[in-house]
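The values are calculated or read from the model by the stated rules, or taken from the named source; none is laboratory data. None of these values were measured; they are calculated from a predicted model. Positions of Cβ are backbone-derived with ideal geometry, glycine not excepted, and every protein chain shown enters the neighbour counts.
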């Protein structure tokens, strides 16, 4: 039996910090376009569906020739929990064996990384997954060290155990496991066998406000330059 994989692209109307941010233009394209494009180019999905509480996103779905699901208005509030949104989506799409949350606020996510994340999930026979940014830096929680000791000499960063910062660019679940756990606990994000998948730093950048939007837009424009990764040095440095 074919493993049906559905991409769910969430687009809530009432974003607080940046109004209607999914329609905000980023290099002359709406922010949500980048998630749609990555999902299409990955060629991993049986269906790509915008999940929104506003019909305006149905027009976006039609524009880019993907599907649309109008979620109940009660799931469009800022107080709505993501677990409930996923549960509602899975219930409405019972033929989806796997559901992948492709986050439109992470426009630098590449189709290649999206594909690798999904293949990793299936290969490892996971039930839930969230992409993360691995940071090899001194870290504390409530003023207590996580990956270093206050009683020792200051460690070199390259010797530290990396900490994982959730990026939310991609989240994925096995539908049957999510439903089973949700019905028991009313939550399911970390259901069954859970794992992380590391992203490159830039792909973990997310849009929360106007400043984020402009910074990421500049990254997109700069990356169009073929010499983006070329390093230039001060004239005092003479290459051997």
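Output the residue which, of all residues in segment 87-100 that are assigned to a helix (DSSP H, G or I) and touching a strand residue (DSSP E or B) at 6+ places or on another chain (Cβ under 7 Å), is nearest to residue 33 (Cα to Cα). Please lay out each step first, then the result.
So in segment 87-100, the residues assigned to a helix (DSSP H, G or I) come out as 87-92.
From the residues that got through so far, the ones that are touching a strand residue (DSSP E or B) at 6+ places or on another chain (Cβ under 7 Å) too are 89-90, 92.
On the way: 89: 21, 90: 23, 92: 24 Å.
Here the residue is 89.
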- Item | Residue selected from segment 101-120 under the condition surrounded by fewer than 20 Cβ atoms within 10 Å (Cβ to Cβ) and out of contact with any strand residue (DSSP E or B) (no Cβ under 7 Å at 6 or more places or on another chain), by the criterion nearest to residue 148 (Cα to Cα) | 116
- Message: Against the conditions (1) out of contact with any helix residue (DSSP H, G or I) (no Cβ under 7 Å at 6 or more places or on another chain); (2) surrounded by 13 or more Cβ atoms within 10 Å (Cβ to Cβ); (3) in a helix (DSSP H, G or I), where does residue 219 fall short? Just the number, please.
- Response: (1)
- Message: Which residue is surrounded by the fewest Cβ atoms within 10 Å (Cβ to Cβ), if the candidates are limited to segment 16-61 and must be farther than 22 Å from residue 85 by Cα and without any contact (Cβ under 8 Å) to a residue 40 or more places away in the chain?
- Response: 28
- Task: Check whether at least one residue in segment 121-139 is closer than 30 Å to residue 222 by Cα, assigned to a loop (DSSP other than H, G, I, E, B), modelled with pLDDT of 95 or more and touching a strand residue (DSSP E or B) at 6+ places or on another chain (Cβ under 6 Å), and report yes or no.
- Result: no
